[in-house]
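Since the structure comes first, as structure tokens, the remarks are kept for the end.
The values are calculated or read from the model by the stated rules, or taken from the named source; none is laboratory data. Note that the structure is predicted; figures quoted are calculated from it, not measured. Positions of Cβ are backbone-derived with ideal geometry, glycine not excepted, and every protein chain shown enters the neighbour counts. When the accessible area is computed, the model is the full protein with side chains, heavy atoms only, and any ligands, DNA or RNA have been set aside. Shrake-Rupley method; radii C 1.70, N 1.55, O 1.52, S 1.80 Å.
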Amino acid sequence: MPNGEKQEKAKLETTNIEALIRTLMKKHATPFMIIRRSMLEKQYERFTKALPEVTPFYAIKSHPHPEIIKTFVELGSSFDVASGVEMQKVLKLGASPNRVIFAHTIKSPEDLEFAKRRRVRLMTFDNEPELYKIAKHYPKAHVLVRIKVANKGSQVELSLKFGADPEQAYLLLRKAKALGLVPKGVSFHVGSQSANVENYLQALELTASIFNEAEENDLPLKMVDLGGGFPIPHFDNEIGINFERMAQQIRKQMHTLFDTRKVQFIAEPGRFFSGPAGILVTQVIGRAFRNNKNYYYLNDGLYADFSGMVFDHCKYEFKTLRRGQKFLSTLAGPTCDSFDTLSVNEEIPEMYVGDVVYVKNIGAYSSASAVPAFNGFPPAKIVMV
Ligand SMILES: Cc1ncc(COP(=O)(O)O)c(C=O)c1O
């Protein structure tokens with residue numbers, strides 16, 4: 001798309017979003033998070049169009065709101081859950097057990113028993129003690145070995161905590177079989193918000209060599225789990241993120257390294273599905289002049305819906321409904337903790353109590369990791385549109 005056209009489109013989107021915010025503020029007190037169903041649908045469609053051989057399992061940890069899960073159930077998505085509680089949630093909302101993966105490599109005995117009762121039999125693991133535990137609590141479970149792969153440039157590094165050495169993968173799958181489990185294949189995660197496609201390409205190469213080793217030793221594998229990590233822009237003019245181009249390269253690698261008619265590919269997108277749908281709307285509840293600049297205190301902060309700035313290492317673009325000259329300012333959350341500061345160098349117009357500050361693309365790892373009411377400030381209410 002030519003640059004001029006892009007700018008026109010962005011302007012129109014801003015006008016529409018700001019009109020939506022003004023309308024919703026007549027009915028809802030801030031802070032609230034708008035979740036746009038149309039964006040959930042759009043992201044699902046983009047994913048399945050760009051990677052048609054890959055079945056997406058929405059990682060509900062990124063945003064587990066029931067209406068989001070219901071939307072993905074209706075779209076025909078499968079689900080990635082990290083615990084028995086998440087499993088119960090997706091099953092209750094209509095997901096069928098064979099469309100759920102228990103994608104945590106460390107599972108409690110109780111959660112394994114629950115998975116057995118509810119017939120959620122596909123799961124990941126990355127170490128031998130876990131295999132003994134699975135075999136004890138869920139005999140005949142289907143398992144994918146999660147391998148450690150490069151997380152270069154990813155916003156959230158996951159290989160520090162999870163993943164078996166790829167050289168151990170075949171032996172672990174062999175062990176799984178000896179314990180009466182069903183070794184299905186290999187899983188990996190390139191780290192969350194990975195704009196570096198090389199991470200996927202290399203991980204697929206490692207996976208293919210494990211498939212070859214297993215095949216040579218009479219242990220044919222059938223499933224590759226590409227994990228999550230698919231990136232989204234968090235800023236309007238962000239460059240370097242092109243999901244469709246990444247997907248094209250991933251697909252090419254899949255076709256080069258695997259017989260795609262025989263191997264089933266799945267993935268666990270979280271952020272890519274839930275992130276772009278979310279718009280957080282907050283208001284200024286106080287202002288002060290300190291350190292030679294304006295400090296604006298918002299009614300949402302790091303302990304609630306901006307928790308992704310801590311746990312997800314995420315940066316956001318703060319927007320206001322005011323126009324005009326911009327000044328270097330500080331934005332802070334509402335709690336009595338100076339750590340609860342969102343930005344000390346925002347270029348924003350002068351604001352007053354009651355003014356709106358909103359953030360787009362904040363649907364993932366935001367409300368999901370908010371604490372219920374630190375200092376008595378509740379997280380944003382979800383408003384589905
Ligand atoms: C096992 C697993 N799968 C999927 C995801 C979702 O990743 P993302 O939101 O980067 O797509 C995560 C995120 O931490 C994860 O740990």
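Taking every DSSP bridge with both residues inside region 39-274, close to 5 percent are antiparallel. For the chain, the longest principal axis of the alpha carbon atoms and the long axis of helix 3-25 meet at an angle near 80°. For residue 15 and residue 182, the difference between the fully extended length at 0.36 nm per residue and the C-alpha to C-alpha distance is 54.8 nm. The Cα center of region 77-101 and the Cα center of region 1-36 differ in position by 32 Å. Ellipticity at 222 nm from helices only: DSSP H runs of n ≥ 4 in the chain, each -39500 (n - 2.57), divided by the residue count, give -10500 deg cm²/dmol. For residue 353 and residue 255, the FRET efficiency from 1/(1 + (r/R0)^6), where r spans their Cβ atoms and R0 equals 41 Å, is about 0.10. If the segment from residue 235 to residue 1 were pulled out straight at 0.36 nm per residue, it would be longer than the present Cα-Cα gap by 82.4 nm.
Of the two radii for region 39-274, the radius of gyration is 0.95 times the Kirkwood radius, both from the alpha carbons; that is the Rg over Rh value. Report, in listed order, any pair from 89/175; 11/252; 49/140; 148/315; 116/360; 133/252 with a Cα-Cα distance greater than 30 Å. From the list (89/175; 11/252; 49/140; 148/315; 116/360; 133/252), the Cα-Cα distance tops 30 Å for 89/175; 11/252; 49/140; 116/360; 133/252. Summing Lys and Arg as +1 and Asp and Glu as -1 over all other residues whose Cβ lies under 12 Å from the Cβ of residue 322 gives a net charge of 0. In terms of the Cα gyration tensor, with a ≥ b ≥ c the square roots of its eigenvalues, is region 144-208 rounded because a/c is under 1.5, prolate because a/b exceeds b/c, or oblate? Note, shape of region 144-208 comes out prolate.
Taking label positions 7 Å along the Cα-Cβ direction at both residue 160 and residue 88, the computed distance is 3.2 nm, reported to one decimal.
Residue 310 sits among other residues whose Cβ lies under 14 Å from its own Cβ, and their net charge, with Lys and Arg +1 and Asp and Glu -1, is -4.
Let me know the whole percent of all Cα-Cα pairs from region 100-142 that are separated by more than 11 Å. Distances greater than 11 Å cover 58 percent of the Cα pairs. Summing charges over all other residues whose Cβ lies under 13 Å from the Cβ of residue 161, with Lys and Arg as +1 and Asp and Glu as -1, gives 0. In the frame of its principal axes, region 13-108 has Cα extents of 44, 32, 22 Å, reported largest first. Solvent-accessible surface of the chain, averaged per residue with a 1.4 angstrom probe and all protein chains in place: 46 square angstrom.
Once the chymotrypsin sites (Phe, Trp or Tyr not before Pro) in DSSP loops with at most 12 neighbouring Cβ atoms within 10 Å are cut out of the chain, the longest remaining piece is 1-234. With the simple model of a label 7 Å out from the Cα in the direction of the Cβ, residue 345 to residue 218 spans 6.4 nm. If I model a spin label as a point 7 Å beyond the Cα along the Cα-Cβ vector, how far apart are those points for residue 38 and residue 384 in nm? Placing both labels 7 Å along Cα→Cβ, they lie 1.7 nm apart.
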